[in-house]
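The values are calculated or read from the model by the stated rules, or taken from the named source; none is laboratory data. The structure presented is a predicted model; accordingly, all values stated were derived computationally and were not measured. Please note: Cβ atoms are built from the backbone with ideal geometry, for glycine as well, and neighbour counts cover all protein chains shown.
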Amino acid sequence: MIEIEVERLDGIPVARPRGDIDAANASTVREQLAACLDVDTDKLVVDLGETRYVDSAGIDMLFRLGERLRQRRATLLLVIPGDSQLQRLATIVALPSALPVCETVAQALGGCVRESGA
Amino acid sequence: MDVDADLGQGQREAVEDGSAAGAGLGPPASGAEQAERRLEHMREVAAPSLGYLSLEQMLSEMLERIRDELRADTAVLLLLDEDRGVLVARAARGLEEEVRQGVQVPLARGFAGRVAAKAQPVIIDDLNHADVVNPLLRQKGIRSLLGVPVRVEGRVIGVLHVGTLHQRRFVQEDIALLEIASDRAALAIDNARSVEQRAVTEIMQRTLLPEALPQIPGLRFSAKYLPAGTTVRIGGDWYDVFQLPSGRLSLVIGDVVGRGVLAASVMAEIRTALRAYLMEGHELSQAMSLLNELLVAMGRNRSATAAIIELDLESGELASVSAGHLPALVIEADGSSRFLEVPPGVPLGISLHARYERRRDQLPVGATLRLYSDGLVERRGEAIDEGLARLGSAAQAAAAAEDASFADRVYRRLVDETSVEDDIALLAVESLPLGPSLQLTLDAQPGVLAGLRSTLGRWLASEGVAENELFDITLATSEAAANAVEHAYRAEQATFLVSCEHEAHSVRVAVRDRGRWRDARSYGRGRGLSIMRALMDTVEIERGEDGTTVVLTKRLATGAA
């Protein structure tokens, strides 16, 4: 029900959901995102630049996905534009405490050093 | 051979047979009274009491009565298939194999073919001396035949014939009786056909057009559909409107080249395909490309024009893409109008390499968007610009009136129904100001959340609520609604209510369900509650006997009142 655009930049899969992530689609989105990660990569970038709302089910999904990737010795990197409403939400739910959150895709590809573990 | 090139010895055209007509009215025993009674019986072969039967059953019943009345052994009705120029056996008595074997007689050949081609009664006194196309007649041992044309409004639509196993000289009275029966049959067939056609058309129309226009607070939809022609009321034009999983609204208008049932069937296929592409989440220009590829692949030399407009209910932002379709019209709140600018695009089904470009625009509150097909503006011998100009002024005039739906008003100004040369489809969306309160009743299922957020966002924006407050209130309400969905008791068709009020620098939202609020134990639900608390000023959960109400309030920091 939600389109997720996937491209590879520097060999790293970058997934861009087009639309909101909520209770209606969170589990589908998680499966689709998890499927983007293949054996030869240890990073998955999820760009939320085209996403307006992520509800608690969506946030929950991102935490779980991060955990799942960690178990596979891979890292989930989130891209949330700095001046966005979503950025405020990320802070409210302490998303950066569990996952690296970057402001741009370029930062994420570079390892997201600055924001990581804030 | 079965080929019947000429009238055989035993075959005569009834009109030339003065002797038969003059040979006295029927068998010696029959007086004028009896003849009258037979005529009366024959007039009743298609009595209204047969009206409840299907056409097949009715024809079969009629043939039985005809056979009795004419004391014949067989009675057969063949109907003309005009496209293929053949007569097809539709009902038979005493010669049921004709129907079972699907006997077809080419026009102007064989006995029945000759009756139809000449549009006159034909008699075969002795089949042994005549050539017939249909071997069944001979196999069955039929000796004599009488056939008359079945006519509707002077046009031959079939042939009715009776036969006897013994040799018989059919006389004028027999012809008269069979002709009466044939008239009755013609009437019944014609009625049944038009009833059948109406039913098919109605079913197709119901399937092809949206059952109902969406009910979305703050938007008013109207639509008009008028196919060209008077007999088959369906055509290749279509419109569609539906809410996407993202909460955005999809508006589609299109026009398959051609008319009637054939164009309608292509339309039905591509309308459904486009809906599927869009519902799957394909971006507009991509959905249009996929539709183009589909139509090319269908390979039926069919082309179509179409326009898709996606409306973000919250922001009023429009995205549109066109495949050779006329530009949509926007009538602003002040009455001025303009056409939506979008690259024209190649019509669908022409080139596999066609590319479609999306253009963005805005539909402010108070404005109206109109999508239409070319039948609305095109007149024979007139440049399209003149038609577009006429549409613009009609739409402005209609915007000022209030007596009927917008689509109806524009339509009445532009179209003289008696002169419709092409299909017309018209879809209008008016963006209405929302009042200081908003009431929604929603199905208790997660799919409604996106639509709730966009409607609520739209209402908050129209109330002048600032961007970040809009985000907070909308997301918090969505959380409360997700709880209502999750906790709605398992009754089917459960609904929940969302009511919102804006007063004195604050917004109050109540989400009321009929389920039990469960303790916020699990990870996700706990987060939902903390998100609501972080985003809103107050969050109250009222647990009642018959359900739970979550009341959220937020004071507005900025100037909105």
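Would you point out which residue out of A:45, A:29, A:6, A:14 is assigned to a helix (DSSP H, G or I), touching a strand residue (DSSP E or B) at 6+ places or on another chain (Cβ under 6 Å) and more than 10 Å from every other protein chain (Cβ to nearest Cβ)?
A:29
Any idea which of B:480, B:488 is modelled with pLDDT of 65 or more, of a type in the set (A, V, I, L, M) and in contact with a Gly (Cβ under 6 Å, 6 or more places away or on another chain)?
B:488
Filter the range B:444-460 down to the residues that are over 19 Å from residue B:281 (Cα atoms) and not in a helix (DSSP H, G or I), then identify the one that is nearest to the other protein chains (Cβ to nearest Cβ).
Checked the range B:444-460; the qualifying residue nearest to the other protein chains (Cβ to nearest Cβ) is B:445.
What pairs come out if I take residues in the range B:169-197 that are at pLDDT below 85 and pair them with residues that are among the polar types (S, T, N, Q) whose C-beta lies under 9 Å away, six or more apart or interchain?
B:192/B:54; B:194/B:231; B:197/B:231
Considering B:479, B:469, B:486, which residue is of a type in the set (Asp, Glu), surrounded by 24 or more Cβ atoms within 10 Å (Cβ to Cβ) and either outside any helix (DSSP H, G or I) or within 12 Å of chain A (Cβ to nearest Cβ) (or both)?
B:479
Considering each residue of the range B:138-168, count those that are closer than 18 Å to residue B:86 by Cβ and touching a residue at least 40 places away in the same chain (Cβ under 8 Å), and give that number.
7
With (1) under 26 Å from residue B:482 (Cα atoms); (2) in contact with a Lys or Arg (Cβ under 8 Å, 6 or more places away or on another chain); (3) not hydroxyl-bearing (Ser, Thr, Tyr) as the list, and residue A:12 as the residue in question, which single condition is left unmet?
Of (1) under 26 Å from residue B:482 (Cα atoms); (2) in contact with a Lys or Arg (Cβ under 8 Å, 6 or more places away or on another chain); (3) not hydroxyl-bearing (Ser, Thr, Tyr), only one is false for residue A:12: (1).
Considering only the range A:38-57, I want to know if a residue exists there that is among the hydrophobic types (A, V, I, L, M, F, W, C) and over 24 Å from residue A:3 (Cβ atoms).
Looking for residues that are among the hydrophobic types (A, V, I, L, M, F, W, C) and over 24 Å from residue A:3 (Cβ atoms), one finds at least one in the range A:38-57, hence yes.
Taking the conditions exactly as written (assigned by TED's automatic domain parsing to the domain that holds residue B:68, crowded, with 17+ Cβ neighbours inside 10 Å and among the hydrophobic types (A, V, I, L, M, F, W, C)), does residue B:108 satisfy them or not?
no
So which pairs qualify, if the first residue must be in the range B:210-221 and at positive phi, the second must be of a type in the set (Gly, Ala, Ser), the Cβ gap must be under 8 Å, and the two must be at least 6 apart or on different chains?
Cβ pairs passing all conditions: B:218/B:431; B:218/B:462.
Mind counting the residues in the range B:165-174 that are of a type outside the set (D, E, K, R) and surrounded by fewer than 21 Cβ atoms within 10 Å (Cβ to Cβ)?
Matching residues across the range B:165-174 total 4.
Mind checking which residues of the range A:53-82 are farther than 21 Å from residue A:11 by Cα, in contact with an Asp or Glu (Cβ under 9 Å, 6 or more places away or on another chain) and surrounded by fewer than 18 Cβ atoms within 10 Å (Cβ to Cβ)?
Result: A:81, A:82.
Identify, please: which residue in the range B:247-274 is closer than 27 Å to residue B:217 by Cβ and aliphatic (A, V, I, L, M) and is, among those, farthest from the other protein chains (Cβ to nearest Cβ)?
Selected residue: B:253.
Any residue in the range B:275-287 that is more than 14 Å from chain A (Cβ to nearest Cβ), buried (at least 17 other Cβ atoms within 10 Å of the Cβ), touching a strand residue (DSSP E or B) at 6+ places or on another chain (Cβ under 9 Å) and more than 28 Å from residue B:467 (Cβ to Cβ)?
no
Go through (1) within 20 Å of residue B:369 (Cβ to Cβ); (2) modelled with pLDDT of 90 or more; (3) touching a helix residue (DSSP H, G or I) at 6+ places or on another chain (Cβ under 9 Å) one by one and return the number of the condition residue B:294 breaks.
Here residue B:294 meets the rest and fails (1).
Can you spot a residue in the range A:108-116 that is buried (at least 20 other Cβ atoms within 10 Å of the Cβ), out of contact with any helix residue (DSSP H, G or I) (no Cβ under 8 Å at 6 or more places or on another chain) and assigned to a helix (DSSP H, G or I)?
Yes, the range A:108-116 contains at least one residue that is buried (at least 20 other Cβ atoms within 10 Å of the Cβ), out of contact with any helix residue (DSSP H, G or I) (no Cβ under 8 Å at 6 or more places or on another chain) and assigned to a helix (DSSP H, G or I).
Could you go through the range B:148-166 and let me know if any residue there is modelled with pLDDT under 85, assigned by TED's automatic domain parsing to the domain that holds residue B:190 and touching a Phe, Trp or Tyr at 6+ places or on another chain (Cβ under 8 Å).
Scanning the range B:148-166 turns up no residue that is modelled with pLDDT under 85, assigned by TED's automatic domain parsing to the domain that holds residue B:190 and touching a Phe, Trp or Tyr at 6+ places or on another chain (Cβ under 8 Å).
Quick test of your reading of the structure: residue A:91 fulfils all but one of (1) at pLDDT 90 or above; (2) crowded, with 21+ Cβ neighbours inside 10 Å. Name the failing condition by number.
(2)
Within the range B:22-64, how many residues are modelled with pLDDT of 55 or more, surrounded by 15 or more Cβ atoms within 10 Å (Cβ to Cβ) and over 26 Å from residue B:91 (Cα atoms)?
Residues meeting the conditions: 1.
Restricting attention to the range A:57-93, report how many residues are closer than 16 Å to residue B:532 by Cβ and in contact (Cβ under 8 Å) with a residue 24 or more places away in the chain.
Result for the range A:57-93: 7.
Tell me yes or no: at least one residue of the range B:513-527 is away from chain A (no Cβ under 14 Å) and at pLDDT 85 or above.
Yes: the range B:513-527 contains one or more residues that are away from chain A (no Cβ under 14 Å) and at pLDDT 85 or above.
Among the residues of the range A:48-67, how many are facing chain B (nearest Cβ under 9 Å) and either of a type in the set (Ser, Thr, Tyr) or farther than 24 Å from residue B:527 by Cα (or both)?
Of the residues in the range A:48-67, 2 are facing chain B (nearest Cβ under 9 Å) and either of a type in the set (Ser, Thr, Tyr) or farther than 24 Å from residue B:527 by Cα (or both).
Of everything in the range A:32-42, what is within 14 Å of chain B (Cβ to nearest Cβ) and among the small types (Gly, Ala, Ser)? Give them in sequence order.
none
Filter the range A:68-95 down to residues that are part of a helix (DSSP H, G or I) and of a type in the set (A, V, I, L, M, F, W, C) and give me whichever is farthest from the other protein chains (Cβ to nearest Cβ).
A:69
Among the residues of the range B:187-207, is any over 22 Å from residue B:63 (Cα atoms) and assigned to a strand (DSSP E or B)?
Looking for residues that are over 22 Å from residue B:63 (Cα atoms) and assigned to a strand (DSSP E or B), one finds none in the range B:187-207, hence no.
Looking at (1) over 25 Å from residue B:167 (Cβ atoms); (2) modelled with pLDDT of 90 or more, which one does residue B:92 not meet, given that it meets all the others?
With respect to (1) over 25 Å from residue B:167 (Cβ atoms); (2) modelled with pLDDT of 90 or more, residue B:92 is out only on (1).
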